[in-house]
Amino acid sequence: MLLKKTVKQKYRILNKKILLVLYAVLVFIHFVVKDSISPFHILYYAFPPLLLIIGSLFLSVLFFSVKKVFYPMIVCFLFLLLYWFSYYYNGQPSLNNLNTTSSILFWNVGRKGGESMDIIIKKVKEQKISFIALVEAEEMTDVDLGRFKKTFPGYSIQKLQGDMVLAVKGKIKDVSYYCQDLSYKFNYVTVILDHQKNSILIADVNAVPFNNRESALHTIYEFTKKNNCSFIAGDFNTPYESVHFNDYRNNLNSFHSVSKGFTATWLYGIPLFEIDQIWSAKKITPVVLEKEFYKVSDHALLIGAYK
């Protein structure tokens, strides 16, 4: 009986040690390896900072009686918490308090039609929206688009390939669609806004967690630079801190730094991943990014003001 008890204790200790080692590996991957090497990218995408914070707290409780582990885990918890708030939480002014003349609305509408259009019409009435870009909008019908056009006759609105929709306060000129199965799809659209030519790229990157996003994000970036895109908005299904966004961060402007509140855009307001993003050319200055969550979609509705 005593032998069985001793064996069980040894197994419990071993299991706790395995958990500690696995956690250390996850932290190492997140801060050092990131998603630069396959297949480590799977773990990198699966364990965002919030889950690492929860994990450190759990291990602190688990090793409470082992002070040489408990205290380092508390330090780790505090470090991760500080890191999370420092890099993924911003306090920014509201759009309503800014003298901003232009903004872009982006939303993964989660395969919803009429309900999401009701929300979009409401937001356009409240804000001065120049562009509206939607992905996963396959259930949005011509009737929904007609309602928008009737409400806002000064806008052009069009359903695009790849289950996307674009509306612009001006004219839609040329549309080009690009797609690679199980990797990405995007539309490149030139428009006339305020008598000036602008361009927007609307992207939707495949969400399969086993796929490394390097090829998709590189293709979109190279196209962006070659065609001098004014705006890039999309559901990239890749966290903002990914190494595959390095070229974006170096040569484009991101609305990440002006995001109001937590920068995460998924899931249903739980700040896990910042996978929906808006980027712009260097000549355009992001002012503030607001996020709102609705039951019709697990993704945040983004409104980015710029000048």
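Return the calculated 222 nm mean residue ellipticity for the chain, to the nearest 500 deg cm²/dmol, obtained by summing -39500 (n - 2.57) across DSSP H runs with n ≥ 4 and dividing by the residue count. Display every interim value, and only then the final one.
On the way: 8 runs with 112 residues, N = 307.
Computed ellipticity for the chain at 222 nm equals -12000 deg cm²/dmol.
Which residue, Phe131, Phe231, Phe47, has the most motion in a Gaussian network model of the chain that connects Cα atoms within less than 10 Å?
Fluctuation is largest for Phe47.
What are the residues whose amide H is under 5 Å from the amide H of Val287, where those residues sit 5 or more places off or on another chain and H is modelled from the backbone?
Ala305, Tyr306, Lys307
Leaving out same-chain residues fewer than 8 places away, which aspartates and glutamates sit with a Cα under 12 Å from that of Lys159?
Excluding near neighbours in sequence, the set is Glu136, Glu138, Glu139, Asp142, Asp144.
Mind telling me which of Asn108, Asn246, Asn206 comes out most flexible in a GNM of the chain, alpha-carbon contacts under 10 Å?
Asn246
Using square roots of five times the C-alpha gyration tensor eigenvalues, list the equivalent-ellipsoid semi-axes of segment 95-226 in whole Å, biggest first. Working shown, then result.
On the way: eigenvalues 128, 64, 41 Å².
They are 25, 18, 14 Å, listed largest first.
Past 28 Å, Cα to Cα, is the threshold; run Lys128/Lys295; Lys112/Lys307; Lys150/Lys225 against it and keep the listed order. Spell out each step's value before the answer.
Working: Lys128/Lys295 24 Å; Lys112/Lys307 31 Å; Lys150/Lys225 36 Å.
Those over the limit are Lys112/Lys307; Lys150/Lys225.
Fully extended, how many nm does the chain gain between Tyr268 and Phe58 (0.36 nm per residue separation, minus their Cα-Cα distance)? Write down the numbers at each step before the final one.
Values: separation 210, 0.36 × 210 = 75.60 nm, distance 2.37 nm.
This chain segment gains 73.2 nm when fully extended.
Given the options Leu217, Leu201, Leu62, which has the most mean-square fluctuation in a GNM of the chain, springs set between C-alpha atoms less than 10 angstrom apart?
Looking only at Leu217, Leu201, Leu62, the largest GNM fluctuation is found for Leu62.
How many percent of the accessible area of segment 159-307 is carbon or sulfur, using a 1.4 Å probe? Before the final figure, lay out each step's value.
Values: 3040 of 6220 Å².
Using a 1.4 Å probe with all protein chains present, segment 159-307 comes out at 49 percent carbon and sulfur.
How much of the pair distance distribution for segment 261-307 lies past 17 Å, counting alpha-carbon pairs only, in percent? Display every interim value, and only then the final one.
Numbers: 378 of 1081 pairs.
Result for the distance tail: 35 percent.
Report the full-extension gain for the segment Glu115 to Tyr83: residue separation times 0.36 nm, less the Cα-Cα distance, to one decimal in nm. Don't skip to the end; give the middle numbers.
Numbers: separation 32, 0.36 × 32 = 11.52 nm, distance 3.71 nm.
Taking Glu115 through Tyr83 to full extension adds about 7.8 nm, to one decimal.
Compute the normalised compactness of segment 13-81: alpha-carbon radius of gyration over 2.2 N^0.38 Å, N being the residue count.
Details: Rg = 12.3 Å, N = 69, 2.2 N^0.38 = 11.0 Å.
Cα Rg divided by the expected 2.2 N^0.38 Å: 1.12.
For the chain, what does the equivalent ellipsoid look like in terms of its semi-axes, each the square root of 5 times an eigenvalue of the Cα gyration tensor, given largest first in whole Å? Could you put the intermediate results ahead of the total?
Working: eigenvalues 358, 75, 67 Å².
Each semi-axis is √(5λ); the values are 42, 19, 18 Å.
Just to be sure I understand the model, the point goes 7 Å from the Cα along the line to the Cβ. What's the resulting Arg12 to Lys173 distance in nm?
Taking the simple label geometry, Arg12 and Lys173 are separated by 7.2 nm.
With r defined as the distance between the Cβ atoms of Tyr71 and Leu43 and R0 fixed at 22 Å, what FRET efficiency is calculated, to the nearest 0.05?
Working: r = 26 Å, r/R0 = 1.19.
Efficiency at R0 = 22 Å is approximately 0.25.
How much length is gained on full extension from Ser36 to Lys159, taking 0.36 nm per residue of separation minus their Cα-Cα distance? Intermediate results must be reported in sequence, preceding the final value.
Details: separation 123, 0.36 × 123 = 44.28 nm, distance 3.54 nm.
Working it through step by step, the gained length comes to 40.7 nm.
How much accessible area does Tyr306 have with a 1.4 Å probe, in Å² rounded to the nearest 10?
20
What does the convex hull of the alpha-carbon atoms of segment 181-252 project to on average, in nm²?
Values: hull surface 19.8 nm².
With every direction weighted equally, the projected area is 4.9 nm².
Can you give the convex hull volume per residue for the Cα atoms of segment 231-278, as a whole number of Å³?
Numbers: hull volume 3.6 nm³, N = 48.
In segment 231-278, the Cα convex hull volume per residue is 75 Å³.
Where in segment 149-175 does the amide nitrogen come within less than 19 Å of the point 7 Å from the Cα of Val208, taken along Cα to Cβ?
Counting only backbone N, you get 162-163.
Whose amide H sits under 5 Å from the amide H of Glu138, counting only residues 5 or more places off or on another chain, with H placed in the peptide plane?
Amide H neighbours of Glu138: Arg111.
Report the Cα centroid-to-centroid distance between segment 207-246 and segment 142-177 in angstrom, as an integer.
Cα centroid to Cα centroid, the span is 24 Å.
The values are calculated or read from the model by the stated rules, or taken from the named source; none is laboratory data. Please read all numbers here as calculations on a predicted model, not as lab measurements. Cβ atoms come from the backbone with ideal geometry, glycine included; neighbour counts cover every protein chain shown. Surface accessibility is based on the protein's heavy atoms, side chains included, excluding ligands, DNA and RNA. Shrake-Rupley method; radii C 1.70, N 1.55, O 1.52, S 1.80 Å.
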